[in-house]
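Got a structure here, written out as structure tokens. Questions coming.
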Amino acid sequence: MLHGRDRRRDENARWVLFRSHYGFDPFYCQPGIAGAHEKGGVEGAVGWFRRNHLTPMPEVESLDELNEQIKVWEAADDHRRITGHQNNIGVDFAAERPLLRPLPAEAFDPGLVLHPRVDRSSLVTVRMVRYSVPARLIGHRVRVSLRASEVVVFDGRTVVAAHPRIAARTGCQLVLDHYLEVLRYKPGALPGSTALAQARTAGAFTSAHEAFWAASRKVNGDTDGTRELVDVLLLHRSMTAEQVTAGISSALSVGAVTADVVAVEARRHANTTTAAGGASSDRHHAEQSVAREQRVVSLTQRRLTDPAAVIAGLPPDTRPIPSVAVYDELLPRRRTAPDVKASTS
């Protein structure tokens with residue numbers, strides 16, 4: 001936005017979209033000394049906030065953390081009374097709120113909109129920095145919102161990826177979850193992948209995942225064992241990290257290193273946590289306590305392996321293999337059914 005000699009301005013296109021979205025008309029101050037008196041109240045309020053809340057400079061891990069802290073300070077200021085005013089800030093604003101125009105139903109996207117194409121490595125390049133997106137979008141053109149501290153990728157109106165913005169050029173930000181469908185069919189690419197290395201650094205790939213992967217490869221082999229790990233990682237899309245970790249711990253405790261066991265144990269942990277938190281449950285309290293002590297064992301693992309070697313303490317399974325031979329008796333009756341055409345003639 002360029003300054004002029006009067007109240008007129010050459011407006012940026014994004015600023016025009018912003019004020020049009022929220023429905024207000026701008027009123028610009030006069031430049032220089034002529035307009036110094038026109039915004040003294042605003043500058044005074046900003047100065048008070050800076051001196052009382054931002055001095056000394058707060059130490060935070062991210063801009064989002066600072067914004068959350070500023071919200072707390074602003075809420076506390078509702079109880080402050082400005083000199084010369086009868087009421088505090090919160091009471092005055094409550095009286096003014098009904099006179100204000102309601103906010104639009106949709107929030108305004110302040111980011112710069114770009115439309116890059118996803119390359120064969122499931123990456124989009126934004127300002128010489130590459131960010132990963134789900135592998136199913138390879139070859140498609142997506143919409144990217146480049147914001148001050150994050151990069152958000154849309155497929156239509158759906159958010160498919162969100163990354164912290166990287167300031168250094170030629171950087172690369174990968175998310176392991178974006179490549180799980182590919183790694184399910186190419187498990188050998190997982191150990192040396194950059195996505196796995198970044199997941200370990202970020203703490204998303206925990207020691208529990210490492211332990212499950214090692215145990216699964218020992219029992220199922222490198223290929224199938226890695227596929228079981230990928231299936232466990234896919235559980236994070238529908239469950240919390242705490243639930244999946246609890247499922248992994250329960251599965252490892254009985255030596256059943258399969259994704260099915262992890263899923264069942266994770267759901268059981270989720271139900272137990274919900275019941276403990278006061279949610280309603282159809283089970284009796286005594287029955288719930290018994291259910292928490294039970295442990296799930298993979299029947300396939302039990303049938304195909306030595307019970308004394310992998311799953312200690314379990315008796316051998318002597319039950320016969322399920323059969324559908326009884327249902328085959330219905331087939332001859334269907335073949336000898338009377339001919340409808342012959343009977344009608």
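I need a count of the residues in segment 188-216 that are crowded, with 18+ Cβ neighbours inside 10 Å and over 20 Å from the mean Cα position of the chain (by Cα).
The number of residues fulfilling the criteria is 5.
So for segment 189-198 (the condition being closer than 30 Å to N220 by Cα, among the β-branched types (V, I, T), in contact with a helix residue (DSSP H, G or I) (Cβ under 9 Å, 6 or more places away or on another chain) and free of Cβ contacts under 8 Å to residues at least 60 places away in the same chain), does at least one residue qualify?
no
Out of all the residues in segment 138-151, which are free of Cβ contacts under 8 Å to residues at least 60 places away in the same chain and under 14 Å from R127 (Cβ atoms)?
Answer for segment 138-151, where residues must be free of Cβ contacts under 8 Å to residues at least 60 places away in the same chain and under 14 Å from R127 (Cβ atoms): V144, S145, L146, R147, E150, V151.
The rows are residues; the columns are (1) under 29 Å from E150 (Cα atoms); (2) assigned by TED's automatic domain parsing to the domain that holds I166; (3) part of a loop (DSSP other than H, G, I, E, B).
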{"position": "F49", "(1), (2), (3)": "yes, no, no"}
{"position": "E65", "(1), (2), (3)": "yes, no, no"}
{"position": "E68", "(1), (2), (3)": "yes, no, no"}
{"position": "K71", "(1), (2), (3)": "yes, no, no"}
{"position": "Q86", "(1), (2), (3)": "no, no, yes"}
{"position": "P98", "(1), (2), (3)": "no, no, no"}
{"position": "P102", "(1), (2), (3)": "yes, no, yes"}
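Next up: Being buried (at least 16 other Cβ atoms within 10 Å of the Cβ) and among the aliphatic types (A, V, I, L, M) is the requirement here; does V133 meet it?
Considered against the rule, which asks whether it is buried (at least 16 other Cβ atoms within 10 Å of the Cβ) and among the aliphatic types (A, V, I, L, M), V133 comes out as yes.
Name, by its number, the condition in (1) over 26 Å from A189 (Cβ atoms); (2) modelled with pLDDT of 95 or more; (3) acidic (D, E) that does not hold for D119.
Status for D119: all satisfied but (1).
Tell me, please, whether a residue that is without any contact (Cβ under 8 Å) to a residue 60 or more places away in the chain and either assigned by TED's automatic domain parsing to the domain that holds A13 or closer than 20 Å to V232 by Cα (or both) can be found in segment 167-174.
yes
What tally of residues in segment 181-226 results from selecting those that are within 20 Å of E242 (Cβ to Cβ) and either of a type in the set (G, A, S) or in a helix (DSSP H, G or I) (or both)?
12
Just one of the numbered conditions (1) at pLDDT 90 or above; (2) more than 30 Å from I138 (Cβ to Cβ); (3) surrounded by 10 or more Cβ atoms within 10 Å (Cβ to Cβ) is not true of L100; which one?
(3)
Given (1) modelled with pLDDT of 95 or more; (2) of a type in the set (A, V, I, L, M, F, W, C); (3) buried (at least 16 other Cβ atoms within 10 Å of the Cβ), where does I166 come up short, assuming only one miss?
(1)
Report the residue count in segment 237-251 for those that are surrounded by fewer than 19 Cβ atoms within 10 Å (Cβ to Cβ) and farther than 26 Å from P134 by Cα.
Residues in segment 237-251 being surrounded by fewer than 19 Cβ atoms within 10 Å (Cβ to Cβ) and farther than 26 Å from P134 by Cα: 1 in total.
Only one of V152, V124 is in a strand (DSSP E or B) and surrounded by fewer than 19 Cβ atoms within 10 Å (Cβ to Cβ); which?
Step by step, each of V152, V124 is checked, and only V152 is in a strand (DSSP E or B) and surrounded by fewer than 19 Cβ atoms within 10 Å (Cβ to Cβ).
Also: Can you name the condition, by its number, that F212 falls short on among (1) modelled with pLDDT of 95 or more; (2) under 30 Å from G171 (Cα atoms)?
With respect to (1) modelled with pLDDT of 95 or more; (2) under 30 Å from G171 (Cα atoms), F212 is out only on (2).
Can you name the residue in segment 55-97 that is out of contact with any His (no Cβ under 6 Å at 6 or more places or on another chain) and of a type in the set (S, T, N, Q) and is also surrounded by the most Cβ atoms within 10 Å (Cβ to Cβ) among such residues?
Per the criteria, the residue is Q69.
Which of the residues belonging to segment 131-157 are of a type in the set (S, T, N, Q) and modelled with pLDDT of 95 or more?
S132, S145
Being under 23 Å from E106 (Cα atoms) and assigned to a helix (DSSP H, G or I) is the filter here; which residues of segment 10-35 pass it?
A13, R14, W15, V16, L17, F18, R19, S20, H21, Y22
Can you tell me which residues in segment 87-103 are touching a residue at least 12 places away in the same chain (Cβ under 8 Å) and not β-branched (V, I, T)?
Those that are touching a residue at least 12 places away in the same chain (Cβ under 8 Å) and not β-branched (V, I, T): G90, F93, R101, L103.
The values are calculated or read from the model by the stated rules, or taken from the named source; none is laboratory data. What you are looking at is a predicted structure, and each value in this text was computed from that prediction instead of being measured. FYI the Cβ positions are ideal-geometry reconstructions off the backbone, even for glycines, and counts take in every protein chain you see.
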